[in-house]
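Reading through the structure tokens given below for one structure.
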Amino acid sequence: MTESIEKNTLTETQFAHLGEGVVAYMREIGSDELMGRFPGIPNLTPGTKLWALFAANGQPILLTDARAGALAGALENDLTPVSLH
């Protein structure tokens, strides 16, 4: 028996907006990476680890010193948190 499988294809624009306003990802991030990705950030002590919450499109939402703070930020904004390692 041959089954027909329908494929859904997303455009780049649709893919870029996937999860927007619904999903946020959180992960621990080091001060060196933060300063490299966000040049305007104030100087941080090298080796400092923070938790970052990002929108589905990669835009930063908040930085905090605890995982619980990132989780709370997601929930306060009605976003489903996803943890990245």
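So the values come out like this:
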item	result
Residue match in the stretch 11-25 (condition: in contact with a helix residue (DSSP H, G or I) (Cβ under 8 Å, 6 or more places away or on another chain) and modelled with pLDDT of 85 or more)	yes
Selected residue (criterion: farthest from LEU71 (Cα to Cα)) from residues of the stretch 22-50 that are in contact (Cβ under 8 Å) with a residue 12 or more places away in the chain and assigned to a helix (DSSP H, G or I)	ASP32
Selection within the stretch 52-72 - in contact with a Gly (Cβ under 9 Å, 6 or more places away or on another chain) and free of Cβ contacts under 8 Å to residues at least 24 places away in the same chain	LEU62, THR64
Complete set of residues in the stretch 54-76 that are more than 17 Å from PRO39 (Cα to Cα) and either among the basic types (Lys, Arg) or surrounded by fewer than 17 Cβ atoms within 10 Å (Cβ to Cβ) (or both)	ASN57, THR64, ASP65, ALA66, ARG67, ALA68, GLY69, ALA72, LEU75, GLU76
Residue satisfying all of: in the stretch 67-85; of a type in the set (Gly, Ala, Ser) and part of a helix (DSSP H, G or I); nearest to ILE29 (Cα to Cα) among these	ALA70
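The values are calculated or read from the model by the stated rules, or taken from the named source; none is laboratory data. Worth saying up front: this structure is predicted, and the values here are computed from it rather than measured. For neighbour counting, all protein chains shown are included, and Cβ atoms are generated from backbone atoms with ideal geometry for every residue, glycine included.
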